[in-house]
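The values are calculated or read from the model by the stated rules, or taken from the named source; none is laboratory data. Model, not experiment: these values are computed from the prediction. So basically every Cβ, Gly included, is an ideal-geometry build from the backbone, and we count neighbours across all protein chains shown.
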Amino acid sequence: DIGDVLRVRAVAAALLPAAVYFVALAATGSAEAAILAFLFAASLTITGTPWARPVSAIEAMPGFRPIPSLLALAACAVALRMRSRRWLAIAGGLTVLAELTSVEFGFYAIVICIVASLRASASWRGRRSALLAVLSGAAIVAAPAALIMLIRGWLGAYLHTMLVELPPLSEAYSILLFHFPDAYKDLSTFPEIIAALFIPRTVWFVLWCLIAIGTAIGLTQRAGGRRLEPILILGVWTVAAALSFAERTNVYFLATAAICVVAAVSAAPTLRWVAVVILILMAAPTARLVTLAAKLRTRGNVAGYVRYDALPRARGGWFEPDNARRLAAAQEFIDRALRPGETFFDFANMPILYYLFDRRCPVRQYETPFYETEELQREVIARLESDRSVRAALTQFPNQGFVAIDGVPNAVRAPLVAQYLRENFAPAYARDGVVFWQRRQ
């Protein structure tokens, strides 16, 4: 049951702060510096992320997906600091777990493992030995995982989807990389821009640029410094993780960027005074942890939400009032028009409804932007045509008032599918903005 899977993931997501601390500990080799780095990351408040409210560098990361990648980063940092092939092998194994958990975070782990292998020694023989250690660790984890997939009969489908189908879909939700916010154009000239570089909306990509420059300079130096190499590998992960911003303005790299700053300060005795400044800045955020703990004990604030108990699944969930009303409208049609075993096709980008109403998703792609190509549109049409249990199509469900992703209607994204729906389905139900069409025959 997907609900059980999500509950397990929610519990595992509690390990994210620990993973951030482990990265700091691996990079600095000091528990005190690691705690300072963690508090620094937890107190950095930024805006401009997909979240509607300001969030910390740790909150900006997804709860579960980055954990294996961060642990692989920690293993690489330890390996470079201790000159340990064993830790490189552990990093290789964790990289496979990261790839199985998330393609993007797995990619970041692959990048740092390659760089760590090249920075593990100044000689090519040492680098080859380091790379073999990474590959051996990866093989130990990948072999049983591949065997299980092979026995279950979906190894080929997994590899084809991950290596062939997913890369072209990277543009479905992509935007430009970092850009100066239009709201602060008045601050884009000198000397106003000096202040603009440190506001919550811009400080994170300014910090990223500084780390990218520092990492590039560091990588030109001869490999071998036990203090420098762990910091450089953090910089590499930070630079690579900026790719996530192009998806939906995700800022997944700020926590490691904060650790880079503290690690660099702790590695340079002449900069120890900076640590004192950071500690002073930490005083107020640390004091607020007491208030945060009190809020966590109340299991969150549900003000502005209503409880909806009529769903087949996720009963007792809290929803925005408008969405709860639309769920009730959708449920009225589904309970009346669909028999057990029958399902609907979601053409409104609301795949969560399959779970909430306990109905099967009839196609492989759960949102319209994922089948914009002609080939994939025809695949969706073929599945709908052959699956007669699909008796209805959801064509509109305003989620928080939005009916199209990025303002582009689904009929524009997938015109062939839209035409098929018009020819084979007819409008049958409309209430509170929720629109269903029913199959003609």
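Worth pointing out:
- Considering Arg422, Arg413, the condition of being over 29 Å from Met162 (Cβ atoms) and of a type in the set (Lys, Arg) is satisfied by Arg422 alone.
- Among the residues making up region 211-237, those that are surrounded by 14 or more Cβ atoms within 10 Å (Cβ to Cβ) and over 13 Å from Cys76 (Cβ atoms) are Ile211, Ala212, Gly214, Thr215, Gly218, Leu219, Ala223, Gly224, Gly225, Arg227, Leu228.
- Hey, Ala60 assigned to a loop (DSSP other than H, G, I, E, B), of a type in the set (Gly, Ala, Ser) and more than 17 Å from Ala12 (Cβ to Cβ) or not: yes
- Members of region 7-25 that are touching a residue at least 40 places away in the same chain (Cβ under 8 Å), in contact with a helix residue (DSSP H, G or I) (Cβ under 9 Å, 6 or more places away or on another chain) and under 21 Å from Pro62 (Cβ atoms): Ala12, Ala13, Leu15, Leu16, Pro17, Ala19, Val20, Phe22, Val23, Ala24
- Where a residue in region 248-260 is in contact (Cβ under 8 Å) with a residue 24 or more places away in the chain and its partner, wherever it lies, is among the acidic types (Asp, Glu), with Cβ under 9 Å and at least six apart: Tyr252/Glu104
- Answer from Val276, Val265, Val251 - the residue that is surrounded by fewer than 16 Cβ atoms within 10 Å (Cβ to Cβ), modelled with pLDDT under 85 and among the hydrophobic types (A, V, I, L, M, F, W, C): Val276
- Within region 72-89, not a single residue is outside any helix (DSSP H, G or I) and surrounded by 24 or more Cβ atoms within 10 Å (Cβ to Cβ).
- Exclusive hit being over 25 Å from Ala157 (Cβ atoms) and among the aliphatic types (A, V, I, L, M), set Val390, Val408: Val408
- Filter result (in contact (Cβ under 8 Å) with a residue 60 or more places away in the chain and either surrounded by fewer than 23 Cβ atoms within 10 Å (Cβ to Cβ) or touching a strand residue (DSSP E or B) at 6+ places or on another chain (Cβ under 8 Å) (or both)) within region 105-120: Phe107, Val111, Val115, Leu118
- Residue selected from region 33-57 under the condition assigned to a helix (DSSP H, G or I) and not aliphatic (A, V, I, L, M), by the criterion modelled with the highest pLDDT: Phe38
- The set of residues in region 222-261 being under 18 Å from Ile58 (Cα atoms) and in a loop (DSSP other than H, G, I, E, B) consists of Thr249, Asn250, Val251, Tyr252, Phe253.
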